[in-house]
Amino acid sequence: MLIKKYLKKILPNTERIANDSSLSRVSHYLINPLLWHINRRSVAKGVAIGLLIAFLPLPFQMLLAVLLSIFFKANLPIAVVLTWITNPLTFLPINYFIYKVGELFVLNGDYHVVSNFNFEFKNKPWGSIISQLLQWVHSAGKPFLVGFPIVAVSASVLGFFGVRLAWRLSIYWRLKNKKRKAKQRGVALKE
């Protein structure tokens, strides 16, 4: 459990949060130890919240992750950090993936993406550029609107159960190694 020790070392404790003057107005919400505790349930809920919020195309993702963590008593730092999955470097690939997932689920295929979007802006009036861009976004909107809740909820559910499974497996392997080492010591003592 090296990760758990490392996280305990770098994460703020409730005393430090309670004494931070910049957080005085909200510190009573943040001093709940369940928001900072590292256990199977809290971390799994934090991962689920962070992944759900990360894929939603909303501003203020970190603030929403904090609010949901407080409400569900989930690990707040993990929820906030996981919202950073969507960042300027990953924005286009993630949204393209969301669009492609939405394309698989759109009923009837009654949409047509305008593929002749011209990226040459030179010598074109702004009205024409904006009109063409809005037409392209509108045509791509249906698959995206279908895809993002599917991806967000799926990632959230998989993250929640993945953490719980990984946590249980790590405990199982640790106990198994402990038994194996105890057996080896017992054999070594008999010889």
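The values are calculated or read from the model by the stated rules, or taken from the named source; none is laboratory data. None of these values were measured; they are calculated from a predicted model. Cβ: placed from backbone, ideal geometry, glycine included. Neighbour counts: every protein chain shown. The accessibility values were calculated without ligands, DNA or RNA, using every heavy atom of the protein model including side chains. Shrake-Rupley method; radii C 1.70, N 1.55, O 1.52, S 1.80 Å.
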Taking a threshold of 31 Å on the Cα-Cα distance, which of the pairs Lys5/Lys181; Lys5/Lys179; Lys45/Lys183; Lys5/Lys100; Lys73/Lys183 fall above it?
-> Lys45/Lys183; Lys5/Lys100; Lys73/Lys183
List, in order, the whole-Hz ³J(HN,Hα) value for each residue of segment 142-153 obtained from phi through the Karplus relation with A = 6.51, B = -1.76, C = 1.60 and θ = phi - 60°; use x for Gly and Pro.
-> 4, x, 5, 5, 7, x, 5, x, 5, 5, 4, 5
Would you please put 90-96, 161-167 in order of how densely packed they are, using the mean number of other Cβ atoms within 10 angstrom per residue and starting with the highest?
-> 161-167, 90-96
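Where does the charge balance sit around Leu34 when Lys and Arg score +1, Asp and Glu -1, over other residues with C-beta under 11 Å from its C-beta?
Values: positive: Arg41, Lys45, Lys73; negative: none.
Net charge in that neighbourhood comes out at +3.
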Can you work out ³J(HN,Hα) from phi for every residue in segment 90-99, in order, using Karplus 6.51 cos²θ - 1.76 cosθ + 1.60 and θ = phi - 60°, giving whole Hz and x for Gly and Pro?
-> 9, 4, 5, x, 5, 5, 5, 4, 4, 4
Just the accessible area per residue of segment 42-101, please: how many Å² with a 1.4 Å probe?
-> 52 Å²
Cβ-based net charge around Phe72, under 11 Å, with every Lys or Arg adding one and every Asp or Glu removing one | +3
